[in-house]
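Read the structure below first, then the notes.
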Amino acid sequence: MKLLSVLASTFLTVAAIPYSSQSQGRFEIVDLPDPKNWVAGRRLFPANVIAGYNAAYDQYDAESWADYVLNKCYGYHDCTSTITFSAINSGTPKDRFWFGYVFRGGPTTPNDYKRDWNPLSAVEDSIAFTTEGDNDIMQLQTQLK
């Protein structure tokens, strides 16, 4: 009976451990040069989008919005990168909003993002995160293509 008790308490302890995904590894900021008008490139968008988010511009600043979206990334097993930015809404109203996306597809480099020079969207405040680890290999592979 004691063995059954020990096994039951061990099972309950293990069951209480939060789900650990590969995305809950360490993330680092992708070095995107100024001006911060970056959006996801073709490798990421739209094929590798897991989820997208938006919020009123006055509810966040660039860093707190990037943190919010990165925390959403942790909820997805396959999430390996994020990008956040502010832009003028293409719909109505034509106000500035925060936008953010979480992606699968492995670590990213600056080559996975592109600038948005469109004055109608006026992208600003871009921040991208990627999983740490294989970025040196990813950069080398991108350069060899």
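Every read-out reported here was derived from the displayed coordinates using simple, explicitly stated rules and does not represent laboratory data. Keep in mind that what you see is a predicted model, and the values were worked out from it rather than measured. Here Cβ is always computed from backbone atoms with ideal geometry, including for glycine, and neighbour counts include all displayed protein chains.
Details
- Local electrostatic count at E124 - Lys and Arg +1, Asp and Glu -1, tallied over other residues with Cβ under 11 Å: -1
- Two-decimal log10 I(q)/I(0) for the stretch 29-133, as the Debye equation yields it once each C-alpha is a single scatterer, q = 0.11, 0.13 Å⁻¹: -0.29, -0.41
- Stretch gain in nm, segment E124-Y53, where the contour uses 0.36 nm per residue and the Cα spacing is subtracted: 24.0 nm
- Cut-off 19 Å, label 7 Å out along Cα→Cβ of S90, residues of the stretch 49-83 by amide N: 49-57, 83
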